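> Got a structure here, written out as structure tokens. Questions coming.
We did not get these values from a lab; they are worked out from the coordinates using the rules stated. Every value quoted in this text rests on a predicted model; they were computed, and no experiment measured them. Ideal geometry is used to build each Cβ from the backbone, glycine not excepted, and the neighbour counts take in all protein chains shown.
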Amino acid sequence: MGVPCDWWEHTVVSEKVAALRKKLATRRAVSATERLARRTPGRTLWWWLSFVVVTASGGFIVPAVAMAFSVTEGWDGGGQFATLTLAGLFQGLVLGIGEVIALRRGPLRVPAGRWIFATTVGTGLTWIVALLPGSFARPDWSNPAVVVGMIVAVLVVILIVPISQWLILRSRVADAWRWILVMSISTALGVGALLSGIVFAAGKTTFIATLAPFVLTGWVGIILFTVVSGLGVYWMAREAYTAAETSAVLARRVANESNATTATKRAAARVGAKASPVVKNAASKVTAVAKKAGSRTVSAAKKASKGVAARTAAATAKARAKKRPGN
């Protein structure tokens with residue numbers, strides 16, 4: 001009995017499809033392995049040095065132009081504050097995108113959305129803290145409190161973005177505290193270069209003459225920031241966690257937070273149970289004292305009202321007696 005032709009063709013086609021799927025799966029596995037093999041610390045460093053410098057320069061040009069324009073046009077402190085804060089948010093957004101692209105080419109991979117959000121908000125807060133002392137008042141440098149406050153403000157400016165990024169990195173690399181150290185040094189170099197640009201631009205009256213020092217010194221600061229932070233990224237990428245290790249760290253963190261919350265609730269319940277009799281006794285005593293004081297007050301008020309009524313009646317009778325014709 002012969003085999004039906006359509007069944008035979010269907011079987012052959014199914015075998016070919018299965019073989020093709022297996023081949024494609026093998027290629028995908030090989031390509032995924034190759035991609036993982038290419039994610040080396042050296043690749044991260046190359047992408048950081050070549051890409052972050054471009055995005056950092058593009059993000060900085062907006063605050064530089066806004067600063068030069070606001071100075072030459074004579075804007076008040078409020079206008080400069082609002083404009084430069086928005087420009088700082090744009091700078092953080094562009095810089096965060098560049099850093100994410102560079103990091104995701106290597107082993108130190110970070111969640112793109114959270115990283116960009118943290119960098120954007122952190123950079124905006126940096127500009128806010130940096131602009132507040134001089135936007136609405138003229139600092140009195142002879143006052144020691146003002147000097148201490150400015151030093152604290154500079155430290156906050158340097159640490160805001162590194163700390164916000166460290167909160168994301170601490171579950172993806174060993175000894176993530178090194179990120180704060182590396183990025184603080186690189187940020188300090190960039191801020192120092194920008195401050196030198198402000199000094200060089202002082203007294204300039206035209207837009208180009210004011211913008212040029214900002215751009216030149218800012219670009220020098222960006223180069224210093226990129227090189228120093230890139231070396232730090234390379235240093236940390238050598239000890240980056242794998243995806244499985246990151247998942248395990250996050251799972252342990254969630255478990256620890258849950259255990260801490262449960263322990264806190266139990267401790268609060270025990271304290272409440274022990275304290276409730278004492279609270280009840282104190283409340284009953286306070287209530288009794290209040291009732292006693294209230295009853296005394298009521299009786300005293302009644303006696304006072306009776307005395308007033310008696311004296312009023314006596315005075316009325318005396319007045320009537322005087323009005324009689326015979327008196």
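> Can you give me the Cα centroid spacing of the range 51-97 and the range 166-235 in angstrom?
That distance is 14 Å.
> Arrange Thr123, Thr55 by Cβ neighbour counts within 10 Å, fewest through most, would you? Walk me through the numbers on the way to the answer.
Numbers: Thr123 25, Thr55 22.
The fewest-first ordering by Cβ neighbours comes to Thr55, Thr123.
> Which of the three applies to the range 38-240, rounded, prolate or oblate, going by the alpha-carbon gyration tensor with a ≥ b ≥ c and a/c under 1.5 meaning rounded?
prolate
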